[in-house]
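The values are calculated or read from the model by the stated rules, or taken from the named source; none is laboratory data. These numbers were taken from a predicted model, which means no experiment stands behind them. Heads up, the Cβs are rebuilt from the backbone with ideal geometry, glycines too, and the neighbour counts pull from every protein chain shown.
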Amino acid sequence: MRSAELERKTAETCVKIKLLIDGQGNSQIDTGIGFFDHMLTLLARHSLFDLNISCQGDLEVDGHHSVEDIGITLGSVFKTALGTKDGISRYGSFYVPMDEALAFAALDISNRPFLVYDAGAMAPMIGGYDSELTEEFLRAFAFQAGLTLHIKVFYGVNSHHKTEAIFKALGHALRCATTIDPCIKGVLSTKGVL
């Protein structure tokens with residue numbers, strides 16, 4: 001079973017995450033930020049990862065530290081759970097329409113962290129969630145997980161829909177990339193290592 005768990009404490013947050021890659025999309029999420037809980041629940045469901053996340057953060061300041069630290073911790077847990085990466089498909093990409101919005105995620109589990117994020121204009125806040133934090137979460141996650149990650153929102157009007165499409169597309173792309181292909185022996189790289 002590809003799984004891992006981690007507790008990360010700083011002066012600003014305490015994050016606990018448990019991840020099972022070969023799950024059924026079950027989740028228990030409590031970050032203190034309702035909209036972000038919703039997005040992480042979608043991520044778990046569409047990746048089919050079982051995901052438990054709790055965070056006690058300095059929300060009296062704002063959500064930045066909590067969201068970024070969850071991204072850091074989730075990336076670390078993901079990288080650990082993948083282990084040697086033997087047999088994984090490595091690449092994943094997916095389009096998700098959400099009403100008037102269309103988002104795309106493409107990723108490579110390459111151990112060469114990079115983020116390209118192009119989501120266009122967003123409303124400053126979605127409920128109690130600062131929309132700028134989506135990029136911060138994705139960057140923290142990608143860099144800790146060792147992902148090359150590209151996110152693009154082609155169009156859309158409603159910021160909730162656009163953000164939801166991003167998280168769903170990411171979930172599906174992760175599911176594709178982490179799938180074990182019995183035809184792949186070792187890692188999918190001519191270098192022999194990822």
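Counting only residues that are buried (at least 21 other Cβ atoms within 10 Å of the Cβ) and hydrophobic (A, V, I, L, M, F, W, C), which one in the range 9-28 is farthest from SER131 (Cα to Cα)? Selected residue: ILE21.
The condition of being in contact with an Asp or Glu (Cβ under 7 Å, 6 or more places away or on another chain), at pLDDT 95 or above, under 27 Å from THR10 (Cα atoms) and of a type in the set (Asp, Glu) holds for GLU136. The residues of the range 8-56 that are within 24 Å of THR84 (Cβ to Cβ), in contact with a helix residue (DSSP H, G or I) (Cβ under 8 Å, 6 or more places away or on another chain) and of a type in the set (D, E, K, R), listed by number, are ARG8, LYS18, ASP50.
Put simply, of SER93, SER110 the only residue that is touching a Cys at 6+ places or on another chain (Cβ under 8 Å) and touching a residue at least 40 places away in the same chain (Cβ under 8 Å) is SER93. In this structure, TYR91 does not qualify as of a type in the set (Ser, Thr, Tyr), surrounded by 17 or more Cβ atoms within 10 Å (Cβ to Cβ) and either over 25 Å from LEU20 (Cβ atoms) or at pLDDT 95 or above (or both). When ALA81, ALA101 are checked against the criterion of being in contact with a Gly (Cβ under 7 Å, 6 or more places away or on another chain), crowded, with 19+ Cβ neighbours inside 10 Å, in contact (Cβ under 8 Å) with a residue 24 or more places away in the chain and aliphatic (A, V, I, L, M), a single residue qualifies: ALA101. Residues that are more than 18 Å from SER110 (Cβ to Cβ) and buried (at least 18 other Cβ atoms within 10 Å of the Cβ) within the range 162-194 comprise LYS162, THR163, GLU164, ALA165, ILE166, PHE167, LYS168, ALA169, GLY171, HIS172, listed in sequence order. Against the numbered list (1) buried (at least 23 other Cβ atoms within 10 Å of the Cβ); (2) farther than 23 Å from VAL61 by Cα, THR134 comes up short only at (2). Of the strands (runs of 3 or more DSSP E) contained entirely in the range 66-164, those carrying at least 3 residues that are over 20 Å from HIS46 (Cα atoms) fall at 114-118.
Considering the range 1-53, the qualifying strands (runs of 3 or more DSSP E), each wholly inside and each with 1 or more residues that are farther than 17 Å from LEU138 by Cα, touching a residue at least 60 places away in the same chain (Cβ under 8 Å) and not polar (S, T, N, Q), run over 3-9, 13-20.
Right, GLY75: surrounded by 17 or more Cβ atoms within 10 Å (Cβ to Cβ), small (Gly, Ala, Ser) and over 17 Å from ILE21 (Cβ atoms) or not? Judged against the criteria, GLY75 is not a match.
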